[in-house]
Amino acid sequence: MSGNKYKLLILSVVFWAAACSPKTQPIVNKPQPSVTPPAAKPAEKPVATTPVKAAKPAPQKVSGIAMLLPFNLDNLNQGGKYSKADLQKANMAVEYYQGFKLALDSLTSNGYNYRLQLLDSKDQPAEARNLSLNPKLYNNDLIVGPIFPDGIKAFNSTNTGITKKPVLSPLSPASPSGFHSPLLITAIPPLDYHAKRAAQYVYERLKAKKVFVLKSGFSVDNNYLTPFKQQLDSLSKQHVKLIPLTVVRGDLKPLLPQLSKTEDNVFVLPSTNQAFLQVTLRALDTLAKAYPVVLIGHPSWEKLTFLRADALQRLKTVITSSDHVNYKSGSMIGFIKAYRKAYHLEPSEFSIKGFDEGFYFGELLAQSETGTLKPETLDFEGLHNKFHFVKKPTTGWVNTHVYILKYTNFELKAIE
């Protein structure tokens, strides 16, 4: 992988250095006022005076942040070796850390101060649980990580002082309902919110009276379909009819009597299975020659390389996404320049997410007088996504913002 040697060098030294973004406490030398000696007077009996002590400067606030990332540093020991999977995770951790650190460094120009503690979670649930018992983490205001769901679950399984701190799930879209933590912060919108946003688009923008659901027959489709239906029923008061069809070998003929030749026929295709998608999309593309079609796809389609952009464009395909980076924007160009200058590397998607989250939570911590985080009080537009957090008593804070993307000129572009 490009840059691996450089990143591993960073891994080997980052834990020896103080992984902080401090704006160091300055030593203030107060200037002494000049005194002009008064004119000579007759000697008088001296009057005893009590010296006035100079007021001590108020201590500067320092926000403590601990990061638990899967560096797998044991693999750097003599005789150790990174597997391809471990190396990918370690690179992801380094890239995320670099973006996060760059954000904190930029915030110090505003007079903010941070103490950043970096620990290796090793991508092992047992290690994550051990870290939750580590008293060295007690004085932090925010825990960032672990990255993967099993680690998050293990970290929150103990009832210690650390687990009473806000814990940021920085990169996983896993539903927070499985972690049972009222202090969990889920930065990447879970699938539920993609499905709900798609249903809102179907109801408000497409004004569909009925929606055709093309099912693969695998139960995993319901992870998307269940919240989609719930949201659509709620918005339309069950006036929009869902017509499901389990598609076998691309056969869409059972739907023909219900299709319109004058109005858009809205189809929802929640599958990510390659074989099923290739056959079904081909059949749908043929159908679109006789019937107007609008297709709502799964958010994972954005990264499926086997999908054909020309066919998806003909089907007027719309998907949701939690990422939309405008590389031509001034803020993005500025970030890339700063990242290159700091690390002599190109930023990855994890670097960008690290920067956004570091900037948002760094500022939120610095501006909090009590050190208590309240993400639901502050919206934020970052480089890769907007943050709009909602708070629920049992699942903590969840970022609910997702983009609506549409295939235009053979690429996905944000339309909302």
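The values are calculated or read from the model by the stated rules, or taken from the named source; none is laboratory data. Remember, predicted model here, so these are calculated numbers, not experimental data. Using ideal geometry, Cβ is built from the backbone for each residue, glycine included, and neighbour counts are taken over all protein chains shown. SASA here: full protein model, heavy atoms, side chains in, ligands and nucleic acids out. Shrake-Rupley method; radii C 1.70, N 1.55, O 1.52, S 1.80 Å.
If you count only protein heavy atoms with a 1.4 Å probe, what accessible area per residue comes out for the range 91-149, rounded to a whole Å²? Working shown, then result.
Working: 2060 Å² over 59 residues.
Here the per-residue accessible area is 35 Å².
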Tell me which of Thr320, Ile352, Gly371 sits at the most positive position along the dipole axis of the range 278-416, charges placed on C-beta atoms (Lys, Arg +1; Asp, Glu -1). Thr320
Pull up all non-local amide H partners of Tyr114: gap of 5 or more, or a different chain, and H-to-H distance under 5 Å with H placed in the peptide plane. Ser21, Lys23, Ser63
Take the solvent-accessible surface of the protein heavy atoms, probe 1.4 Å, and return the percent of it on the range 119-260 that carbon and sulfur atoms account for. 51
Per-residue ³J(HN,Hα) for the range 341-354, Karplus 6.51 cos²θ - 1.76 cosθ + 1.60, θ = phi - 60°, Hz, x for Gly and Pro: 5, 6, 10, 6, 9, 7, x, 9, 4, 6, 5, 5, 5, x
Return the long-range amide H neighbours of Val294 (sequence gap of 5 or more, or a different chain), with a cut-off of under 5 Å between placed amide H atoms. Asn265, Val266, Phe267
Please report how far the C-alpha centroid of the range 316-378 lies from that of the range 194-225, rounded to the nearest whole angstrom. 30
Cα coordinate range in the range 109-153, projected on the principal axes (Å, largest first): 38, 21, 15
For the range 119-127, Karplus-derived ³J(HN,Hα) couplings (6.51, -1.76, 1.60; θ = phi - 60°; whole Hz; x for glycine and proline) come out as 9, 8, 7, 6, 6, 10, x, 4, 5
Which cross-chain or sequence-distant (5 or more) residues have an amide H under 5 Å from the amide H of Leu242, H modelled 1.01 Å from N in plane? Val211
Compactness ratio of the range 54-211: Cα Rg over 2.2 N^0.38 Å, N = residue count? 1.29
Applying a 10 Å radius around every beta-carbon, put 397-410, 327-340 in order of their mean neighbour count, most first. 397-410, 327-340
Taking θ = phi - 60°, what integer Hz values does the Karplus form 6.51 cos²θ - 1.76 cosθ + 1.60 yield along the range 221-227, in sequence order, with x for Gly and Pro? 4, 5, 4, 9, 5, 4, x
What is the percent of Cα-Cα separations in the range 329-404 that go past 19 Å? 45
Inverting the mean 1/r over all pairs of different Cα atoms, compute the Kirkwood radius of the range 212-313 and quote it in Å. 14.3
Over the Cα atoms of the range 153-260 the radius of gyration and the largest Cα-Cα distance (Dmax), both in Å, equal 18.7, 62
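May I ask you to order 292-301, 360-369 by the average number of other C-beta atoms within 10 Å around their residues, highest value first?
Listed from highest to lowest mean packing, they are 292-301, 360-369.
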